[in-house]
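Asker: The structure's right below; bear with me while I get my questions together.
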Amino acid sequence: NMSEQEDNNDSFDNTSISEDKEEIDHFLDVLASFAQYTIENITPILKRDHVFNSMSAELKYAFPTYPEKSVRFKQCLEVNQALLNQIISQSHIFEDQTLPMGTFEMLLRRPISPINADKVRSLLRMFVRDWSEEGAEERLCCYQPMLDALKKYKPISTTNELSVLVPGAGLGRLAWECVSLGYRTEGNEFSYHCLVCSSFILNHSSEPNHFEVYPYVHQLQNVKETKDQFRSIKFPNVSPNQVPESVNFSMAAGDFLSIYTTPQSWDCLMTCFFIDTAKNILEYVTKIHQILKNDGIWINYGPLLYHYTDDPNENSIELSFEELKSAMNILGFKIIEEKWSNTTYTVNKESMMKLYYDCIFFVAVKVTK
């Protein structure tokens with residue numbers, strides 16, 4: 001599952017997944033949710049059209065801009081759909097395999113789950129967070145302290161090659177930043193939605209601001225000005241293929257706990273908005289300890305919004321940060337830096353409502369138990 005990368009211009013074409021039927025089905029479900037984006041999102045617009053058309057002449061007169069607004073919504077969906085279609089056509093996540101003829105038609109017929117449809121809407125905002133100028137503020141809050149700590153505790157010299165693993169790599173920006181600094185880096189991601197999009201950005205966008213997306217077209221509540229919903233965001237704000245030629249960069253698809261088994265193989269682990277994706281966070285702690293080299297460091301930033309807490313079909317155990325710290329100490333980590341910091345996650349800057357997380361940033365060093 002893990003592939004070392006030699007040719008930067010194809011940074012992620014080696015991302016592979018085991019080609020059993022279940023995996024392929026899951027992958028096609030994800031592509032189907034991309035293909036059916038407009039179908040899924042046109043319905044609420046048509047419903048609003050119906051509400052408007054059913055209104056009295058007096059009320060219509062009070063809202064003269066609606067018909068134009070409805071057209072604008074539909075145009076934005078078209079632009080987003082065109083981008084998603086490009087992503088589908090470039091999704092070589094199976095090694096050396098292009099999509100067969102008739103794939104689009106097949107994807108449009110495939111049933112999709114509401115969860116997958118929702119993930120596509122979230123992805124549009126993740127493009128902003130990871131790869132646009134507008135996302136710079138969030139990246140400065142989250143990624144910058146992590147990168148500063150990496151340079152401080154594991155500085156690169158001419159004699160040593162240092163390795164960094166970024167589990168929960170999302171759309172790949174944090175991993176890309178590590179590579180840009182000269183660290184041999186691997187991103188790991190479980191979500192095919194994210195893998196397909198990170199592969200697209202890292203392999204198919206050579207110049208900055210090449211792509212356009214309308215990420216806020218789905219926000220109907222807490223809108224100050226109509227134009228806020230129709231803000232287009234350009235990405236990526238850098239040239240992703242401009243990384244040092246000699247530095248290895250790879251992505252591994254799969255579950256963090258399952259695919260990393262080699263003890264003492266990494267100099268640093270970077271976890272950003274990741275550790276709370278665990279069903280049992282203590283398993284993450286022991287896994288990180290196992291795969292870090294002696295004196296390796298673990299850099300973390302994020303909240304503890306445990307993802308499985310409310311899932312009746314999953315077993316989940318939730319620790320407070322105080323409990324986590326104590327457990328880390330017992331399991332072989334010494335925290336050498338710790339700081340609380342406020343941030344948002346894929347926020348709409350113009351919204352009347354914003355969600356802030358009080359995140360924990362820490363640097364921990366692996367000590368022998």
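Asker: Restrict the check to region 208-229 and report whether at least one residue is modelled with pLDDT under 95, touching a Gly at 6+ places or on another chain (Cβ under 8 Å) and in a loop (DSSP other than H, G, I, E, B).
Answerer: no
Asker: Something else now. I'd like the full set of residues that are under 23 Å from Lys349 (Cα atoms) and either free of Cβ contacts under 8 Å to residues at least 40 places away in the same chain or open to solvent by less than 60 Å² (accessible area, probe 1.4 Å) (or both), limited to region 101-120.
Answerer: Those that are under 23 Å from Lys349 (Cα atoms) and either free of Cβ contacts under 8 Å to residues at least 40 places away in the same chain or open to solvent by less than 60 Å² (accessible area, probe 1.4 Å) (or both): Asp118, Val120.
Asker: Against the definition (small (Gly, Ala, Ser), open to solvent by less than 20 Å² (accessible area, probe 1.4 Å) and modelled with pLDDT of 95 or more), how does Ser70 come out, yes or no?
Answerer: Numbers: small (Gly, Ala, Ser): yes; open to solvent by less than 20 Å² (accessible area, probe 1.4 Å): yes; modelled with pLDDT of 95 or more: yes.
The answer is yes for Ser70.
Asker: Out of the residues in region 337-368 that are β-branched (Val, Ile, Thr) and part of a loop (DSSP other than H, G, I, E, B), state the one that is nearest to the chain's Cα centre (by Cα).
Answerer: Taking the candidates together, the pick is Thr346.
Asker: So, Ala175, is that one open to solvent by less than 20 Å² (accessible area, probe 1.4 Å), farther than 20 Å from Val79 by Cα and more than 16 Å from the chain's Cα centre (by Cα) or not? Lay out the reasoning, then the answer.
Answerer: Numbers: open to solvent by less than 20 Å² (accessible area, probe 1.4 Å): yes; farther than 20 Å from Val79 by Cα: yes; more than 16 Å from the chain's Cα centre (by Cα): no.
It is false that Ala175 is open to solvent by less than 20 Å² (accessible area, probe 1.4 Å), farther than 20 Å from Val79 by Cα and more than 16 Å from the chain's Cα centre (by Cα).
Asker: Among the residues of region 221-231, what is the count of those that are surrounded by fewer than 13 Cβ atoms within 10 Å (Cβ to Cβ) and in contact with a helix residue (DSSP H, G or I) (Cβ under 8 Å, 6 or more places away or on another chain)?
Answerer: Within region 221-231, the first condition is being surrounded by fewer than 13 Cβ atoms within 10 Å (Cβ to Cβ), and the residues that meet it are 221-222, 224-227.
Filter once more, so that each one left must be in contact with a helix residue (DSSP H, G or I) (Cβ under 8 Å, 6 or more places away or on another chain): 226.
Residues in region 221-231 being surrounded by fewer than 13 Cβ atoms within 10 Å (Cβ to Cβ) and in contact with a helix residue (DSSP H, G or I) (Cβ under 8 Å, 6 or more places away or on another chain): 1 in total.
Asker: Open to solvent by 10 Å² or more (accessible area, probe 1.4 Å), modelled with pLDDT of 95 or more, assigned to a loop (DSSP other than H, G, I, E, B) and at positive phi - does that describe any residue in region 272-288? If you could, list the steps in order and put the result at the bottom.
Answerer: Here is the first cut: in region 272-288, the ones open to solvent by 10 Å² or more (accessible area, probe 1.4 Å) are 272-274, 277, 279-280, 282-284, 286-287.
Next cut, modelled with pLDDT of 95 or more only: 272-274, 277, 279-280, 282-284, 286-287.
With assigned to a loop (DSSP other than H, G, I, E, B) added as a condition, the list becomes 273-274, 279.
This time we only want the ones that are at positive phi, so: 273.
The answer is yes; a qualifying residue exists.
Asker: When region 203-214 is examined, which residues are found to be out of contact with any strand residue (DSSP E or B) (no Cβ under 6 Å at 6 or more places or on another chain) and either open to solvent by 10 Å² or more (accessible area, probe 1.4 Å) or closer than 12 Å to Phe127 by Cα (or both)?
Answerer: Within region 203-214, the first condition is being out of contact with any strand residue (DSSP E or B) (no Cβ under 6 Å at 6 or more places or on another chain), and the residues that meet it are 203-208, 210, 214.
Once the filter is applied, which keeps residues that are out of contact with any strand residue (DSSP E or B) (no Cβ under 6 Å at 6 or more places or on another chain) and either open to solvent by 10 Å² or more (accessible area, probe 1.4 Å) or closer than 12 Å to Phe127 by Cα (or both), region 203-214 yields Asn203, His204, Ser206, Glu207, Pro208, His210, Tyr214.
Asker: Answer yes or no: is there a residue in region 234-253 that is closer than 17 Å to Gln290 by Cβ, touching a residue at least 12 places away in the same chain (Cβ under 8 Å) and buried (at least 18 other Cβ atoms within 10 Å of the Cβ). Show your work before the answer.
Answerer: Quick first cut of region 234-253, residues closer than 17 Å to Gln290 by Cβ only: 252.
Those left that are additionally touching a residue at least 12 places away in the same chain (Cβ under 8 Å): 252.
Subset that is buried (at least 18 other Cβ atoms within 10 Å of the Cβ): 252.
Yes.
Asker: Cβ-Cβ distance below 6 Å, separation of 6 or more or different chains: which pairs start in region 18-39 with a residue that is open to solvent by less than 50 Å² (accessible area, probe 1.4 Å) and end on one that is in a loop (DSSP other than H, G, I, E, B)?
Answerer: Ala32/Arg110; Ala32/Ile112; Ser33/Ile112; Gln36/Ile112
Asker: Sticking with this structure for a sec: Does region 57-67 contain at least one residue that is surrounded by 15 or more Cβ atoms within 10 Å (Cβ to Cβ) and touching a Ser or Thr at 6+ places or on another chain (Cβ under 7 Å)? Reasoning before the result, please.
Answerer: Here is the first cut: in region 57-67, the ones surrounded by 15 or more Cβ atoms within 10 Å (Cβ to Cβ) are 66.
Cutting the leftovers down to touching a Ser or Thr at 6+ places or on another chain (Cβ under 7 Å) gives us none.
No: region 57-67 contains no residue that is surrounded by 15 or more Cβ atoms within 10 Å (Cβ to Cβ) and touching a Ser or Thr at 6+ places or on another chain (Cβ under 7 Å).
Asker: Taking interchain pairs and intrachain pairs at least six residues apart, which have beta carbon atoms under 9 angstrom, with the first residue in region 319-332 and under 15 Å from Pro303 (Cβ atoms) and in contact (Cβ under 8 Å) with a residue 24 or more places away in the chain and the second outside any helix (DSSP H, G or I) and open to solvent by less than 20 Å² (accessible area, probe 1.4 Å)?
Answerer: Short answer, once both residue conditions are applied: Phe321/Ile360; Leu324/Ile360.
Asker: Let me ask you something else. Quick check on Ser198: is it open to solvent by less than 50 Å² (accessible area, probe 1.4 Å), modelled with pLDDT of 95 or more, among the small types (Gly, Ala, Ser) and not in a strand (DSSP E or B)?
Answerer: On the way: open to solvent by less than 50 Å² (accessible area, probe 1.4 Å): yes; modelled with pLDDT of 95 or more: yes; among the small types (Gly, Ala, Ser): yes; not in a strand (DSSP E or B): yes.
Against the criterion (open to solvent by less than 50 Å² (accessible area, probe 1.4 Å), modelled with pLDDT of 95 or more, among the small types (Gly, Ala, Ser) and not in a strand (DSSP E or B)), Ser198 qualifies.
Asker: I'm trying to understand the selection: among the residues of region 299-317, which are open to solvent by 60 Å² or more (accessible area, probe 1.4 Å) and touching a helix residue (DSSP H, G or I) at 6+ places or on another chain (Cβ under 8 Å)? Write out each step before concluding.
Answerer: Taking region 299-317 as the starting set, the residues that turn out to be open to solvent by 60 Å² or more (accessible area, probe 1.4 Å) are 305, 307-310, 312-315, 317.
Selection gives Leu305, His307, Ile317.
Asker: Just to check your reading of the model, which residue among Glu161, Glu133 is open to solvent by 10 Å² or more (accessible area, probe 1.4 Å) and over 24 Å from Ile291 (Cα atoms)? Walk me through it before giving the result.
Answerer: Details: Glu161 fails: over 24 Å from Ile291 (Cα atoms).
Checking each option against the conditions leaves just Glu133.
Asker: Quick check: is even one residue across region 301-315 of a type in the set (Ser, Thr, Tyr), in contact (Cβ under 8 Å) with a residue 60 or more places away in the chain, outside any loop (DSSP other than H, G, I, E, B) and farther than 23 Å from Val367 by Cα? Before you say what the answer is, go through the steps one by one.
Answerer: Here is the first cut: in region 301-315, the residues of a type in the set (Ser, Thr, Tyr) are 301, 306, 308-309.
Restricting the remaining residues to those that are in contact (Cβ under 8 Å) with a residue 60 or more places away in the chain gives 301.
Now narrow it down to the ones that are outside any loop (DSSP other than H, G, I, E, B): 301.
Now drop any that are not farther than 23 Å from Val367 by Cα, which leaves none.
Scanning region 301-315, I find no residue that is of a type in the set (Ser, Thr, Tyr), in contact (Cβ under 8 Å) with a residue 60 or more places away in the chain, outside any loop (DSSP other than H, G, I, E, B) and farther than 23 Å from Val367 by Cα, so the answer is no.
The values are calculated or read from the model by the stated rules, or taken from the named source; none is laboratory data. Note that the structure is predicted; figures quoted are calculated from it, not measured. Reconstructed Cβ throughout: ideal geometry from the backbone, glycine too, with neighbour counts over all protein chains shown. Protein only, heavy atoms only, side chains kept; ligands, DNA and RNA dropped before computing areas. Shrake-Rupley method; radii C 1.70, N 1.55, O 1.52, S 1.80 Å.
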